[in-house]
Amino acid sequence: MDIREAPLREVLLRLPKGYAIARLQAPGLSDYLSREPADQADAELRIVYGQPVSGRQVVQLRIERNATLGQPTWTLRALR
């Protein structure tokens, strides 16, 4: 991420529903919360930092989907 205007303490990402967070790594990461609101098409991942962060921040996210492989490949929608 490239944080330019002001330091952040939290970041909200929208992920496709049905995936579990397998690993999340980010410098200064304090906690994260994941939820799947029934009234929204996407799940939410809230990343909470211990101190305000700015500039370029690398976030490594690995998600898993516990389902049988019906096709040899599958398409992951964009994260927002």
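Things worth noting here:
- Probe 1.4 Å, accessible area per residue of the chain, Å²: 75 Å²
- Peptides 41-52, 5-16, 63-74 ordered by packing proxy, namely the average of other Cβ atoms within 10 Å per residue, highest first: 41-52, 5-16, 63-74.
- Proximal charge balance of Arg56 [Cβ under 11 Å; K/R count +1, D/E count -1]: 0
- Local net charge near Glu44, Cβ-Cβ under 15 Å (Lys/Arg +1, Asp/Glu -1): +1
- Chain lengthening between Arg80 and Tyr32 when straightened (0.36 nm per residue, less Cα-Cα): 15.7 nm
The values are calculated or read from the model by the stated rules, or taken from the named source; none is laboratory data. The structure presented is a predicted model; accordingly, all values stated were derived computationally and were not measured. As a convention, Cβ positions derive from the backbone with ideal geometry for all residues, glycine included, and neighbour counts pool all protein chains shown. Heads up: the accessible areas ignore ligands, DNA and RNA and are worked out on the full protein's heavy atoms, side chains in. Shrake-Rupley method; radii C 1.70, N 1.55, O 1.52, S 1.80 Å.
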